[in-house]
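> What follows is a structure written as structure tokens; I'll ask about it next.
Please treat every number below as a calculation from the coordinates, not as lab data. Keep in mind the model is a prediction, meaning the values are calculated, not measured. All Cβ positions, glycine included, derive from the backbone under ideal geometry; neighbour counts span all protein chains shown.
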Amino acid sequence: MKNANKEACHCKNVTYAQIRSAVRQGAKTLEEVQAITGCGTGCGKCKEFLQYLIRDYLEEEGWA
């Protein structure tokens with residue numbers, strides 16, 4: 001796994017591990033991950049990156 005403690009969203013201090021956890025809980029879209037973690041709801045600069053990260057985690061879990 002990518003560095004689990006690295007922040008994926010700096011505004012909301014959401015880590016890669018928190019994003020992965022949201023995906024494992026069943027979140028499959030940015031909006032669903034945002035609802036669980038709050039990521040991407042600050043300045044929004046990370047939204048495009050988050051979409052790629054979510055896609056990667058979905059692929060790793062075999063759900064994409």
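> Before rounding to the nearest 500, sum -39500 (n - 2.57) across all DSSP H runs of length at least 4 in the chain and divide by the residue total; then give [θ] at 222 nm in deg cm²/dmol.
So the calculated ellipticity at 222 nm is -15000 deg cm²/dmol.
> Can you pull out the trypsin sites (Lys or Arg not before Pro) in region 19-64 whose DSSP state is coil and whose Cβ has at most 13 other Cβ atoms within 10 Å?
Filter output for region 19-64: K45.
> Scale the Cα Rg of the chain by the rule-of-thumb value 2.2 N^0.38 Å and send over the ratio, two decimals.
In units of the 2.2 N^0.38 Å rule of thumb, it is 0.96.
> Right, another one. Mind sorting I36, I19 by how few other Cβ atoms lie within 10 Å of their own Cβ, fewest first?
I36, I19
> Considering only the other residues whose Cβ falls under 14 Å of the Cβ of H10, what net charge follows from Lys and Arg at +1 and Asp and Glu at -1?
Surrounding charge for H10 is +3.
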